Amino acid sequence: MSVVSGVMLAGLALPAVGGIGLTAKGTAEGFEDIPNDFKTPPLTQATQIFDAKGGLIAKVYERDRTVIPAEQMSPLMRQAQVDIEDARFYEHGAVDLKGVVRAIGKNAESGTASQGASTLTQQYVKNVNVEKAGEDQAAVLEAQRKTLGRKIQELKVAIKLEEDLSKDQILTNYLNITYYGNGAYGVEAASQRYFSKSNKDLTVAEAATLAGLVQNPSQYDPKLHPQAAQKRRDTVIDKMVENKHITADQAKEAKAAPLGLNFKAPQNGCITAQAGMGFFCDYVRRVVKQDPAFGQNAADRKKFWDQGGLNIYTTLDPDKQAAAQNAVSTNVRTTDSVSAAATMVEPGTGKILAMAQTRPYGLDTNKNQTVVNLNVDAAMGGGNGFQPGSTFKPVVAAAALEAGLPATQEYSAPNKLEYPTMKTCEGTWKNQARPKTVVPNESASEKGPYQLKQAMALSVNTYFVQMEEEIGLCAVKQMANKLGVTNKASGKPLEEVPAMALGVEEMSPLTMANIYATFAAQGTHCAPIAINKITTVDGKDVPVPAGQCEKAFSDDTARAMNTVLNGVTENNGTGAALSLEDNRQIAGKTGTSDRKRAAWFSGYTPQLATSVWLGGPDGGVEMRNITINGKYHTEVFGADGPGPIWRDAMNQALRGTPKQSLPMADIPDPAPKTDPNANQTGGATPPADPNAQQH
């Protein structure tokens, strides 16, 4: 009759089976072993992302949970949860026969199925099934279905669990998995959410409040429904007295206490990161989800990330991040039509030390927020990049030096030049446009002959096109590949075209910073890395990708490039106004794209490489007759737009650090050019005005 009544009235046929011999440990013979997931379920937890000095960047999670052992739980919490959920938990087996009979009677009296008889162990099993379903809503609904088959399966597992685990172990697992409302899973997250304290520090009243939430977290939400929550709390306190876990005086004191909430709203995701670190935080997330080191396929890597419970220690230097963020923010306003982005990379390691941009990380476009990371390629959360302009010319120069051309290589470098025929890796590029495409220099006064050092300092377009013609486009592409550039920022492959030398193929600041870090590291290219170390919450190390460094070009080429790029920042070079406050040795290159839609300065010292981009976030702003940070510009060039941002960032980042010198080559200056139109005194052609050469 109990079995039939249970089926008819409350779906309790399964618990009633307990009445014929399945109520105690050791009576589950014939059941196969249960999966280990039920004994030690892989619970989703919060992951913490730290900077290089151990400061918290952000906490991210699919479910906010911190798994803690029994000794870190409040005994009051453990007692309160048992008293309100399953007072006879330590007396019965997986099935509470007395509870089944009581439920059948209550349901028979009311004519409903309002009274259940699930034990705490059975509830735990159901929670594990829901947890394993993850974000799959269909699987979650299936785990929650109240069918006879589901009940039988849950009971089967519960019986086996009570055979394999102690009651205390089951209770600990239950308290770590259970949902307490407001996004808090497990007692530690719940304690932090509602009372801003650790679970071990809860009072009687606080423990009772949390224990009462489990039955219906929404109905008893102490923030939204304080009266209902307090009434439920007092019910739990009464149960604790009834079961002799607290005294009547303790109960009286607890009931007299207010709810005493110290609610801490959920802080989840990179949007909570401080000091402009949200973009880097998102970059780290994408690294974990894309790098094969964290899983053989995308699904495995997603599961690894979603599971959480990680402490991720990154390469981000908080001091250099502050330097980069201050520099972009003080030179460009969030409300300006243009934005700025800056990436810092450590030469010789590839460590990303800073990643900053003017527009804050977020979803509120009314506040000029964005989640597009302008420092990185599209695949890593960025856009399609920006034309780097003349900052790409050093790649051509490095390729030429590696091909055997001398550092004193001279070309006629006329003021204008039709693109000549050039060799590619697969064949030949020909200028088949009608009329033929012409490349001009920036100003009418720019005409050769020039040698490399002067051509780089003045950024002479036709010089580098002639250099490409001599070494071939394939050599330029191969050098770009050695420097880590195999694709454009959009993911499309590099194109072997003569305009490559002029920087027409879109790049990201991270890519450019990494190129210049290779120059700073004497030709050693290291793939960018963002993660130093990962540990699980229980202290186990997770393997992370090792740094990948290879020699991209020779020491001789490196010394020559240092000398050539140092010349850009001295004398009549386009970056001559960008010296640092302590006059330490620097090297770099200005760049301005077609129609002034992007301006760059990329430069370095031996210990730090930084690339700064300035332009419209979607690449559509022509920086002519434009106001930036309240200052009017007729035109924006690399030296007067991103250049000061670079200088400010480097000054702050390097302040107090030892000065280091760049290994240099002895490259003699060319003999002064003689102007055939000079007067009879034979005066030489004066050097070009650097202010007219900022490109």
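The values are calculated or read from the model by the stated rules, or taken from the named source; none is laboratory data. The structure presented is a predicted model; accordingly, all values stated were derived computationally and were not measured. Glycine gets a Cβ as well: all are built from the backbone with ideal geometry, and neighbour counts include every protein chain shown. The accessibility values were calculated without ligands, DNA or RNA, using every heavy atom of the protein model including side chains. Shrake-Rupley method; radii C 1.70, N 1.55, O 1.52, S 1.80 Å.
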**OP:** Identify the residue in segment 344-383 that is polar (S, T, N, Q) and modelled with pLDDT of 95 or more and, among all such residues, is most open to solvent (accessible area, probe 1.4 Å).
**Re:** T349
**OP:** Look through R595, R584 and report the one residue that is over 30 Å from L56 (Cα atoms), basic (K, R) and in contact with an Asp or Glu (Cβ under 6 Å, 6 or more places away or on another chain).
**Re:** R595
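Yes/no per residue for (1) in contact (Cβ under 8 Å) with a residue 12 or more places away in the chain; (2) closer than 16 Å to V376 by Cβ; (3) surrounded by fewer than 19 Cβ atoms within 10 Å (Cβ to Cβ):
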residue: P509; (1), (2), (3): yes, yes, no
residue: K533; (1), (2), (3): yes, no, yes
residue: D555; (1), (2), (3): yes, no, yes
residue: A560; (1), (2), (3): yes, no, no
residue: P617; (1), (2), (3): yes, yes, no
Subject >> Filtered residue count, segment 648-695, keeping only those that are open to solvent by less than 30 Å² (accessible area, probe 1.4 Å), modelled with pLDDT of 60 or more and under 40 Å from the mean Cα position of the chain (by Cα) >> reply: 6
Original post:
When the residues of segment 330-343 are filtered to those that are among the β-branched types (V, I, T) and not in a helix (DSSP H, G or I), which remaining residue is most open to solvent (accessible area, probe 1.4 Å)?
Top reply: T335
**OP:** With the checklist (1) of a type outside the set (F, W, Y); (2) crowded, with 23+ Cβ neighbours inside 10 Å; (3) within 28 Å of F280 (Cα to Cα); (4) in contact with a strand residue (DSSP E or B) (Cβ under 7 Å, 6 or more places away or on another chain) in hand, flag the one item V568 doesn't pass.
**Re:** (3)
Original post:
Going by the structure shown, is K264 open to solvent by 60 Å² or more (accessible area, probe 1.4 Å), closer than 24 Å to A184 by Cα and not small (G, A, S)?
Top reply: yes
Subject >> Set Q153, Q122, Q169: member being crowded, with 17+ Cβ neighbours inside 10 Å and at pLDDT 75 or above >> reply: Q122
Subject >> Total residues in segment 486-505, condition under 26 Å from the mean Cα position of the chain (by Cα) and crowded, with 22+ Cβ neighbours inside 10 Å >> reply: 2
Subject >> Number of the condition not met by Y283 [criteria: (1) in a helix (DSSP H, G or I); (2) within 44 Å of the chain's Cα centre (by Cα); (3) under 30 Å from S74 (Cα atoms)] >> reply: (3)
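One line per residue, one yes/no per condition, for (1) modelled with pLDDT of 95 or more; (2) in contact with a Lys or Arg (Cβ under 8 Å, 6 or more places away or on another chain); (3) assigned to a loop (DSSP other than H, G, I, E, B); (4) under 24 Å from C425 (Cβ atoms):
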position	(1), (2), (3), (4)
V485	yes, no, yes, yes
A499	yes, no, no, yes
T535	yes, no, no, no
A546	no, no, yes, no
A558	yes, no, no, no
M561	yes, no, no, yes
N566	yes, no, no, no
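Within the bounds of segment 425-448, is there any residue that is within 40 Å of the chain's Cα centre (by Cα) and either open to solvent by less than 30 Å² (accessible area, probe 1.4 Å) or under 30 Å from Q548 (Cα atoms) (or both)?
Checked segment 425-448: at least one residue is within 40 Å of the chain's Cα centre (by Cα) and either open to solvent by less than 30 Å² (accessible area, probe 1.4 Å) or under 30 Å from Q548 (Cα atoms) (or both).
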**OP:** Find all pairs meeting these conditions: Cβ atoms under 8 angstrom apart; at least six residues apart or on different chains; first residue within segment 297-315 and assigned to a helix (DSSP H, G or I); second residue buried (at least 18 other Cβ atoms within 10 Å of the Cβ) and of a type in the set (V, I, T).
**Re:** R301/V288; F304/V288; W305/T47; W305/V288; D306/T44; Q307/T44
**OP:** Would you point out the residue of segment 241-280, among those that are modelled with pLDDT under 95 and part of a helix (DSSP H, G or I), that is farthest from the chain's Cα centre (by Cα)?
**Re:** T272
Original post:
Taking into account only those residues within segment 303-328 that are crowded, with 19+ Cβ neighbours inside 10 Å and among the small types (G, A, S), which is farthest from the chain's Cα centre (by Cα)?
Top reply: A327
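For segment 278-302, name all the residues that are out of contact with any Pro (no Cβ under 6 Å at 6 or more places or on another chain), open to solvent by 50 Å² or more (accessible area, probe 1.4 Å) and small (G, A, S).
A298, A299
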Original post:
Pairs under 6 Å by beta carbon, first residue β-branched (V, I, T) in segment 149-166, partner at pLDDT below 85 and part of a helix (DSSP H, G or I), six or more apart or different chains?
Top reply: I152/L14; V157/F38
Original post:
Can you name the number of the only condition in (1) of a type outside the set (V, I, T); (2) more than 22 Å from T343 (Cβ to Cβ); (3) touching a helix residue (DSSP H, G or I) at 6+ places or on another chain (Cβ under 7 Å) that F519 fails?
Top reply: (2)
**OP:** Kindly provide the set of residues from segment 274-298 that are small (G, A, S) and under 17 Å from M344 (Cβ atoms), ordered by number.
**Re:** A275, G276, G278
Subject >> Hits in segment 184-227 - residues which are farther than 17 Å from T66 by Cβ, of a type outside the set (S, T, N, Q) and open to solvent by 40 Å² or more (accessible area, probe 1.4 Å) >> reply: K223, L224, H225, P226
**OP:** Tally the residues that are farther than 19 Å from Q522 by Cβ and of a type in the set (D, E, K, R), restricting the search to segment 391-408.
**Re:** 1
